[in-house]
Amino acid sequence: ERETGWQRRDQLIGHAENPHHPLKTSSRAVKAATTSSSPCCPTCPSRPSPSGEAHRPHEAAGRGPREEGKGPAAATNASTPEGTAPAPPAAPAPPKGEKEGQRPTQPVYQIQNRGMGTAAPAAMDPVVGQAKLLPPERMKHSIKLVDDQMNWCDSAIEYLLDQTDVLVVGVLGLQGTGKSMVMSLLSANTPEEDQRAYVFRAQSAEMKERGGNQTSGIDFFITQERIVFLDTQPILSPSILDHLINNDRKLPPEYNLPHTYVEMQSLQIAAFLFTVCHVVIVVQDWFTDLSLYRFLQTAEMVKPSTPSPSHESSSSSGSDEGTEYYPHLVFLQNKARREDFCPRKLRQMHLMIDQLMAHSHLRYKGTLSMLQCNVFPGLPPDFLDSEVNLFLVPFMDSEAESENPPRAGPGSSPLFSLLPGYRGHPSFQSLVSKLRSQVMSMARPQLSHTILTEKNWFHYAARIWDGVKKSSALAEYSRLLA
């Protein structure tokens, strides 16, 4: 047991402290043989010195424990005689299995200085850092995307981001139908606010008396939920035609008559919206104008051809829709009366729109339903045989009447005198809220062959507008009109 303990002690201590360890003895023998047989380097003598002192190699001679801050170069310079140039360092020998000039088999990792050394990078400005974390700037009012001269404006790109989750909603309609009011209520305002504070300026009382139009060109507004709203000037507007005739405005050389120029302006705007929007709302205040549907089909005919990457089946008629992109089309019946909400009248309206748009490739059915949002709770879901994207909104002024609804006569039952008068439809605010939720939840198909960010959409829309103005199909159509 005592011998076994000493052997374990020798193994743990090692040969550096045990002079009798066999490894210690073998290392002394190897060192003696190396010293007496050959020099360790070309500057060392191959014979022992005359004094009889054994030669020590550079690795052991004159070098004690390495001092802090001295490396191998210091030891080499110390052993070099004074006045002689130091020997160049020998190149390291390549490891076994690797030839000279061959890449090493093990990966070589290089750690670059990222500013953690002596040259520290400049600290980020806290104002700049906080600016990157702030939400995008909120728009307070609309700006011009296309001015009254039909020229493109670049100011809207300042409010756009490099993200792809964006919905683009456009609006079309005749003059005075309430397009700007509807777009303001869908985007940022409520019915209780003053109409003069709406993001899209509505038609003032003075403008109504003069028979003029409020919006000219295309107005742009984007919400914090990244939904783009495009308000447009009225299509086939008589006030724009009157302004052209009475003010002697010069027409472009390609148009000879003012009414041709007004119709071509309307077709350019409609064809543009059919190409760059996910949803296009058609506002009308009475049911119905056949020239409006004829205009929509003409705009669809001259629309720029854009390949659609999505091959999802559409519910509208036509089997070749996968070749081009077509937006969702929503018919909004503004200023609807009480009898318009009658189920029988509602079915007739859906059937007529379906027959008028039967040959259209626009997605005018299957994406919006008044029956599914509980506007008519007593009607079954299959009440309408051909349900199109139609939504009814009553007069906005009816909300003031609802605050003081008509009561039953004094001679009636006291219970009935406490009940509000019959209105025939939900409130205006409730219907606008349901319309907003349905529009914002619509599908967002790709507008082009690539996924577009907000800024990419802006540049894409600018190219489409330039292409629409130079369209050969529109030029041929205008020649036929003349």
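The values are calculated or read from the model by the stated rules, or taken from the named source; none is laboratory data. What you see is a predicted model, and the numbers here were worked out from it, not measured in a lab. Quick reminder, even Gly has a Cβ in these numbers, built from the backbone with ideal geometry, and neighbours come from all protein chains shown. Just the protein is used for accessible areas: all its heavy atoms, side chains included, with ligands, DNA and RNA removed. Shrake-Rupley method; radii C 1.70, N 1.55, O 1.52, S 1.80 Å.
Values as computed for the structure displayed
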item	result
Relative packing of 383-394, 159-170, which averages over residues the other C-beta atoms within 10 Å, highest first	383-394, 159-170
Amide H contacts under 5 Å for L145, placed H, 5+ residues apart	I218, D219, F220
Accessible-area composition of the range 137-177, carbon plus sulfur, in percent [1.4 Å probe]	43
Hz values of 3J(HN,Hα) by residue in the range 147-154 - Karplus curve (6.51, -1.76, 1.60), Gly and Pro given as x	7, 5, 8, 6, 9, 6, 10, 9
For V171, distant residues with modelled amide H under 5 Å away	L230, T232, I281
J(HN,Hα) series, the range 203-217, from Karplus relation 6.51 cos²θ - 1.76 cosθ + 1.60, nearest Hz, glycine and proline x	5, 7, 5, 5, 5, 5, 5, 7, x, x, 9, 8, 8, 10, x
Residues with amide H under 5 Å from that of Q446, placed H, sequence gap 5 or more	S310
Solvent exposure ordering (accessible area, 1.4 Å, most first) of M181, M301	M301, M181
Given K140/K470; K345/K434; K140/K303; K365/K469; K303/K455, the pairs whose alpha carbons are separated by over 27 Å	K140/K470; K140/K303; K365/K469
Under 12 Å, Cβ to Cβ, from L186 - net charge with Lys/Arg +1 and Asp/Glu -1	+1
Karplus (6.51, -1.76, 1.60) ³J(HN,Hα), θ = phi - 60°, over the range 455-472, in Hz, Gly and Pro reported as x	5, 5, 4, 4, 5, 5, 5, 5, 5, 5, 5, 5, x, 5, 5, 9, 5, 6
